1. List the strands (runs of 3 or more DSSP E) that sit entirely inside segment A:185-261 and contain at least 1 residues that are within 20 Å of the chain's Cα centre (by Cα) and buried (at least 24 other Cβ atoms within 10 Å of the Cβ).
2. Quick check on A:Phe62: is it closer than 11 Å to A:Ala140 by Cα, more than 10 Å from chain B (Cβ to nearest Cβ) and modelled with pLDDT of 95 or more?
3. Consider A:Tyr358 carefully, then state whether it is farther than 27 Å from A:Met254 by Cα, under 20 Å from the mean Cα position of the chain (by Cα) and crowded, with 19+ Cβ neighbours inside 10 Å.
4. Does any residue of segment A:91-102 turn out to be facing chain B (nearest Cβ under 10 Å), under 26 Å from A:Asn180 (Cβ atoms) and part of a strand (DSSP E or B)?
5. Just to check your reading of the model, which residue among A:Asp72, A:Asp56, A:Asp68 is farther than 15 Å from A:Pro146 by Cβ and of a type outside the set (A, V, I, L, M, F, W, C)?
6. Restricting attention to segment A:231-250, report how many residues are touching an Asp or Glu at 6+ places or on another chain (Cβ under 8 Å) and over 14 Å from A:Ile219 (Cα atoms).
7. Could you count how many residues in segment B:59-99 are assigned to a loop (DSSP other than H, G, I, E, B), modelled with pLDDT of 95 or more and buried (at least 19 other Cβ atoms within 10 Å of the Cβ)?
8. A:Tyr135: facing chain B (nearest Cβ under 10 Å) and buried (at least 24 other Cβ atoms within 10 Å of the Cβ), yes or no?
Amino acid sequence: MKAVCWMGKSKIETLKVPDPVILNPHDAILRVTRTAICGSDLHLFDGFIPTMEQGDILGHEFMGIVEDVGRDVKNLKPGDRVVVPFTIACGQCEFCHKGLWSACDNTNPNAHLMETAYGYSGSGLFGYSHMMGGYAGGQAQYVRVPFANIGPLKIESDLPDEKVLFLTDIFPTGYMAAENAQIAEGDAVAVWGCGPVGQFAIASAFMLGAGRVIAVDRIPERLELARSLGAITVDYTEQDVSVLQAMRDLTGGMGPDSCIDAVGLEAHSNQLQGVYDKVKTMLMLETDRPIVLRQAIQAVRKGGTLSVPGVYGGLLDKVPFGAAFGKGITMKMGQTHMHKYMKPLLERIEKGQIDPSYIISHRITLEEAPHMYEVWRDKKEKVTKIVIDPWAEKAA
Amino acid sequence: MAEILRKDARTALHEKPGAEQSESRTLGANVVEDGRYMPPPTDEDGKQWVRTSVLIKGEPRDLYGLWHNVEDAPLWQEQIASVTRTGEKTSHWTMQSATGTLEWDSEIMADEPGHRISWRSIGGDSENAGEVVFEAAPGGRGTYVTVLQEFRMGKLASGFETLTGRNPKQAVIENLRQFKALAETGEIPRTHGQPHGPRGAAGTVKSAAYAENVAQPPGLERMAS
């Protein structure tokens, strides 16, 4: 089959590789019908996430048709159409029982790598480094899905793939970010980053009762999408714009009730601290660039909530923890507990409350994927979201 | 009992494995004794100790049964090719690593159904002893399973560590992790055998550094085939 492979930092190739096979009793094999490039894949492309190996198949956002199932998979049969959560969960351990699906104990064969760095290991993820399990990803024509008895969500309606594909990661991730923000009716919510997760966080914040949503970014097409959802946008690169001033101005001087950092470890800044973090990461004195995190901690109101769906990987410098304590804020974060959100969010799509496909800007083939990683990284061609048809021969 | 275990865990540090009377070989896997936290023994005189615990959704009785069935150990223990019962309390173990075979005999020292098993090697290529304790977790959340394993860094260590990339202490931790996965889900998470592009030299080195060249135990798949 054809698959998108990570061949080193800034080096991605579409290659011929063997087809996946059933390896465990709860496995399924899917014929992938749609897959997508995630903003977090760019962290892999840029070499920010350790423990990638040359030859790794990328991709954790995908859906498809069941081709084959292992002997203990009773809920699926060949021909079923499913969306697959990017986190792999066993459904049986203490964490799955608690609904903390992305903390599953039994799905990361390389748990020892994560234990070294984090104390304890989270669940395995598709196509996202060996620390996270080393599972082959879904930017391919076929993919093996472990614990297919637990994860995949069957799509029984005739909704097109593009409307349900983002249940695989970014819609639930944006929704959990809004839920973690503990929004009360009428609250002011600020969202940093208007990429796909930020978009769904904005949409979800309104669904959960936000009275005002403030969206921060610098990319015009993203800000436009955010305005189309009803958010007030702040372009932090505009002359004379101070984000902290804007937050005060837009909340009667109080600050947002909730702040959502949908940017994560590769934040950009036009200020001096952006240079500071870039130099420190280059010198390996710091692994992440927590520019948004610092700003959000400053911006949030007293006793407010900070929700972090943006990915952080390692060590952060100069995080104003004193401000966090001084204002008594709540912080919530982490990988999405996918399995909890997929079904209720599918219902919202089926009821017509949201059509997640509005963010798609590019539809491409597997062969075009390596080039499009570069395009998206460089923020060219007005990319908002790239979807791949792994069976298309040329661009649709 | 607690007093005996604590004393023996300490004195065992100064003993040669397999040379002493069976009673004094009793190890203490217990983490708490008389309300006090007990740290694991420290490495000394060429002896290595590792203690590791997991919470398993299951009854102590059932988990004890799964562990006690030593002939099924190859389903969940890394690089154990076969285990054959040779007597009521003895078994013969064969370990296949990337570069060679190690064989030893093992004897069960203490056996408290549903609660505790301890063992030691009685000759062969490996000098080891260990104990596993199964106890109900607070709040009805399942069973705490704690393993204390002791071994000498001899041929076993070189076989394990230098050649396969798996530190022997880590192997004990991995084996308990895999025991839990098998008990809770009926399988052990597996990535060996999945597709990938060419690894190249750098990828191969990384893979070995992450101990990915250690064969993943088969879980129940072996029973099926």
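The values are calculated or read from the model by the stated rules, or taken from the named source; none is laboratory data. Given the structure is predicted, the values throughout are model-derived calculations rather than measurements. When we count neighbours, we look across all protein chains shown, and the Cβ atoms used for this are built from the backbone with ideal geometry, even at glycine.
1. Numbers: elements: A:188-192, A:212-217, A:232-235, A:258-261.
Once the strands (runs of 3 or more DSSP E) in segment A:185-261 are filtered for at least 1 residues that are within 20 Å of the chain's Cα centre (by Cα) and buried (at least 24 other Cβ atoms within 10 Å of the Cβ), what remains is A:188-192, A:212-217, A:258-261.
2. Working: closer than 11 Å to A:Ala140 by Cα: yes; more than 10 Å from chain B (Cβ to nearest Cβ): yes; modelled with pLDDT of 95 or more: yes.
Against the criterion (closer than 11 Å to A:Ala140 by Cα, more than 10 Å from chain B (Cβ to nearest Cβ) and modelled with pLDDT of 95 or more), A:Phe62 qualifies.
3. On the way: farther than 27 Å from A:Met254 by Cα: yes; under 20 Å from the mean Cα position of the chain (by Cα): yes; crowded, with 19+ Cβ neighbours inside 10 Å: no.
In short, no.
4. no
5. On the way: A:Asp72 fails: farther than 15 Å from A:Pro146 by Cβ; A:Asp68 fails: farther than 15 Å from A:Pro146 by Cβ.
Residue meeting the stated conditions: A:Asp56.
6. So the answer is 1.
7. Looking only at that region, the number is 2.
8. Values: facing chain B (nearest Cβ under 10 Å): yes; buried (at least 24 other Cβ atoms within 10 Å of the Cβ): yes.
Against the criterion (facing chain B (nearest Cβ under 10 Å) and buried (at least 24 other Cβ atoms within 10 Å of the Cβ)), A:Tyr135 qualifies.
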